[in-house]
Structures are given as C-alpha cells and as structure tokens.
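Peer 1: I have a structure I would like to understand better, so I am pasting it below and will then ask my questions one at a time.
Just so you know, all these numbers are worked out from the coordinates, no wet-lab data involved. Keep in mind the model is a prediction, meaning the values are calculated, not measured. Heads up, the Cβs are rebuilt from the backbone with ideal geometry, glycines too, and the neighbour counts pull from every protein chain shown.
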Amino acid sequence: MEQPRYKETCDKLFAVLGYSDEEKTEALGALKRKLAWRLLRSVEPDLSEDDRAWIREHWRSATENDPRIKELHEKIHALRSADELAQASHAFFKAILEEYAGFMSDGLDAARAHELRKIASSF
C-alpha cells in the first residue's frame, strides 16, 4: 500500500470518519494487513507445501518484520509480475475499501455514509 493513491484514499476515508492520528495509524495498518493477506491467498496455491503449512500455522501471529514474511514476499514477486501484482492489489484494495466503507457507515448520518461509499467506489 505504498502507492500514494492508496494512502490518499485512506486519508479521505479517515477524514470523513474524523479519526485521530492514532486511529488513522491503526486503521491503515489493518487495511495493509487485509491487502497483504488477500495477495498472499491469491498466490498460495503456487507456493510449496512447506510455505502453505507455515502460513496456516502463523498467519495470525506473523508480523511484517518476520524473516519468513520477507521470504514469502520475495517468492510472491518471483511468481507474479509487477503488473499482475498491481492489478490484483488494486482489485483487492477496492473490495476492501468498499467493505470497510459499508461497515463504517453503520450509525453515520446519511451524508457521511454516502461520502464514504463514494470515496471507496471511486478508487
């Protein structure tokens, strides 16, 4: 989620929600993890059985600083071209944003809920 457009879109969503800096950091981290998980799941069938077993066992506890995560990152980039990863990333992130906007809209006034959905759908 290093691309500026991803961050800008998140910043717009968070502004509508009135998030504090701490809440923005937490929410951005959660969205990054969701995106990483979906990308990982999309290439999982192409990984070795050892890698798939490690993912099943550690997916909840692993952090981005884990050496095995870095190894998997390199394998993913070897399995998919930059274009393929960018296309998948965009599609997954759009879906994540729409889910997030829908979930966060509950309890908001109609104007703010509409703005959230508009931001997510325009990504």
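Peer 1: Give segment 72-101 a look and list any residue that's part of a loop (DSSP other than H, G, I, E, B) and touching a residue at least 24 places away in the same chain (Cβ under 8 Å), or say none.
Peer 2: Arg80
Peer 1: Further question: So, in segment 67-76, how many residues would count as being over 15 Å from Leu35 (Cβ atoms) and surrounded by 13 or more Cβ atoms within 10 Å (Cβ to Cβ)?
Peer 2: Qualifying residue count, segment 67-76: 1.
Peer 1: Is one or more of the residues making up segment 10-24 surrounded by 12 or more Cβ atoms within 10 Å (Cβ to Cβ), out of contact with any helix residue (DSSP H, G or I) (no Cβ under 7 Å at 6 or more places or on another chain) and not small (Gly, Ala, Ser)?
Peer 2: So the first thing to find is which residues in segment 10-24 are surrounded by 12 or more Cβ atoms within 10 Å (Cβ to Cβ), and the list is 10-17, 19, 23-24.
Narrowing the set further to residues that are out of contact with any helix residue (DSSP H, G or I) (no Cβ under 7 Å at 6 or more places or on another chain) leaves 11, 15, 23.
Filter again for not small (Gly, Ala, Ser), leaving 11, 23.
Looking for residues that are surrounded by 12 or more Cβ atoms within 10 Å (Cβ to Cβ), out of contact with any helix residue (DSSP H, G or I) (no Cβ under 7 Å at 6 or more places or on another chain) and not small (Gly, Ala, Ser), one finds at least one in segment 10-24, hence yes.
Peer 1: Taking segment 16-48, which residues are small (Gly, Ala, Ser) and within 14 Å of Tyr100 (Cα to Cα)?
Peer 2: Of everything in segment 16-48, those that are small (Gly, Ala, Ser) and within 14 Å of Tyr100 (Cα to Cα) turn out to be Ala27, Gly29, Ala30.
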